[in-house]
Amino acid sequence: GPAAMQRYHPSKYRTARAALKTVTAPPPGTTVIPSVLLAQAVWLCGEIAKHDEARELLTGDGWNEDTFLWTDPATGLACKARIDRVCIDETDGQLRVPAIVDIKTTSGGCGERAFSRAVQDYGYDVSAAHYLAGFEAVLGVRPPFHWIVVESQTGAVAVHRADVGLIEWAESRRQRMLATLAECIKSDRWPMPAGSVIERPRWAKELS
């Protein structure tokens with residue numbers, strides 16, 4: 001097309017293959033998604049749409065992938081959160097936020113026990129606390145937080161709600177992380193884990 005031809009200047013390339021590669025390359029800034037990943041994403045979206053509660057959270061009025069910017073009051077750090085889904089309700093002219101939603105894909109099971117482990121292993125609770133802190137800083141409210149979890153292999157879907165106690169515990173850890181980050185920036189000293197000797201695990205010793 002015309003846009004491709006504008007990028008093609010024969011004098012710039014040593015071979016016809018190099019010129020052809022430039023003409024057929026995607027425009028700058030374009031993200032190319034492999035067909036296999038696209039097919040899986042479409043399939044998982046279909047599986048989520050079959051789940052009544054997940055479908056209700058993702059349809060209707062709301063904001064998708066909105067970015068929230070704020071300044072942490074304790075440390076003065078500039079903070080950012082990009083929230084997958086904010087459900088809103090504007091009944092009677094009143095703006096209500098019934099839920100914030102984060103979508104997670106897992107290969108380890110979407111049930112309560114499996115996902116509870118993933119929450120701790122990957123810090124999903126700290127991320128949720130961060131999203132809620134930003135949302136409250138910008139809009140002054142703290143709605144319930146939900147995870148929509150879909151298994152990448154089976155397409156099984158579950159919706160989990162973050163307990164208030166979990167968010168409170170995660171918020172204390174988030175604040176400590178921010179304080180540590182602020183101190184590192186101030187001192188320009190970034191602590192690293194200490195080296196050690198890694199031994200056989202206890203279960204391996206017992207078998208020998």
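The values are calculated or read from the model by the stated rules, or taken from the named source; none is laboratory data. Please read all numbers here as calculations on a predicted model, not as lab measurements. Heads up: the accessible areas ignore ligands, DNA and RNA and are worked out on the full protein's heavy atoms, side chains in. Shrake-Rupley method; radii C 1.70, N 1.55, O 1.52, S 1.80 Å.
Would you calculate a helix-derived [θ] at 222 nm for the chain, using -39,500 (n - 2.57) for each DSSP H run of n ≥ 4 and dividing by the full residue count, to the nearest 500?
Helix-only estimate at 222 nm: -14000 deg cm²/dmol.
Whole number please: convex hull volume per residue, Cα atoms of the range 95-208, in Å³.
166 Å³
Stokes-Einstein diffusion coefficient for the range 146-208 at 20 °C in a medium of 1.002 mPa s, Rh from the Kirkwood formula over Cα pairs: what value in µm²/s? Don't skip to the end; give the middle numbers.
Details: Rh = 16.8 Å.
Answer, rounded: 128 µm²/s.
How large are Rg and Dmax for the chain when only the alpha carbon atoms are used, in Å?
Just the Cα atoms of the chain yield Rg and Dmax of 23.5, 71 Å.
Going by a ≥ b ≥ c, the root eigenvalues of the Cα gyration tensor, does the range 24-96 fall in the rounded group (a/c under 1.5), the prolate group (a/b larger than b/c) or the oblate group?
Taking the square roots of the gyration eigenvalues as a ≥ b ≥ c, the range 24-96 is oblate.
How many Å² of accessible area per residue for the chain, probe 1.4 Å?
Heavy-atom SASA per residue in the chain reads 69 Å².
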